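Trainee: Before anything else, here's the structure in question.
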Amino acid sequence: MSIVAIFAALVFAGAIGWWLNRRAGVLRQLPDSETGDDAAASDAAFLGLEPGRPAVVHFSAPWCGPCAGVRRVVEKVCDDLGGVAHHEIDIDANPDAARRFSVLSLPTTVIFDADGRQRYRAAGVPTSADLRSALEPLLA
């Protein structure tokens with residue numbers, strides 16, 4: 001009987017691991033905020049985002065291995081598209097930003113539109129194709 005319980009626990013843990021792995025790096029569109037433009041402007045000002053320009057903000061730390069991968073992908077996409085700002089926030093140096101944006105894991109990437117509203121979010125390393133498909137409509 002205990003072997004069946006151990007087997008069931010392993011299958012359950014494997015399914016949870018598979019599900020979490022599938023979500024890593026996937027950009028998810030955020031619902032339209034009900035807090036209004038004042039909150040969006042406040043968030044944008046808090047991060048130092050330029051008004052009128054979409055931005056990619058990624059939260060990282062010096063000890064985060066995958067964060068370097070995010071940096072390379074985001075810099076490449078922003079350079080290729082042009083007109084998109086890239087900001088990297090070190091959560092060790094700026095823990096208030098991590099709290100304000102509910103960063104629970106690293107790396108976390110947030111895409112803001114030109115009005116300073118959060119539009120997309122990813123935990124993990126997003127692909128360049130996902131970043132492009134999210135950013136191109138924001139540039140139009």
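What follows draws every value from the coordinates through simple rules; no lab data is involved. Predicted model only: the values in this text are computed from it and were never measured. As a convention, Cβ positions derive from the backbone with ideal geometry for all residues, glycine included, and neighbour counts pool all protein chains shown.
Trainee: Could you give the nm distance between label points at residue 3 and residue 99, where each point is 7 Å from its Cα heading toward the beta carbon?
Mentor: It is 5.3 nm.
Trainee: Please report the spacing between the Cα centers of the stretch 52-67 and the stretch 104-129 in Å, no decimals.
Mentor: Cα centres, the stretch 52-67 to the stretch 104-129: 8 Å.
Trainee: Return the calculated 222 nm mean residue ellipticity for the chain, to the nearest 500 deg cm²/dmol, obtained by summing -39500 (n - 2.57) across DSSP H runs with n ≥ 4 and dividing by the residue count.
Mentor: Theoretical 222 nm ellipticity from helices: -15500 deg cm²/dmol.
Trainee: Counting only DSSP beta bridges with both residues in the chain, what percent are antiparallel, rounded to the nearest 5?
Mentor: 65
Trainee: Between the helical axis of 2-23 and the dominant principal axis of the chain, each derived from Cα atoms, what acute angle in degrees is found, rounded to the nearest 10?
Mentor: It works out to around 20 degrees.
Trainee: Once you sort the root eigenvalues of the Cα gyration tensor of the stretch 30-140 as a ≥ b ≥ c, which label holds: rounded (a/c under 1.5), prolate (a/b larger than b/c) or oblate (the other case)?
Mentor: Verdict is oblate for the stretch 30-140.
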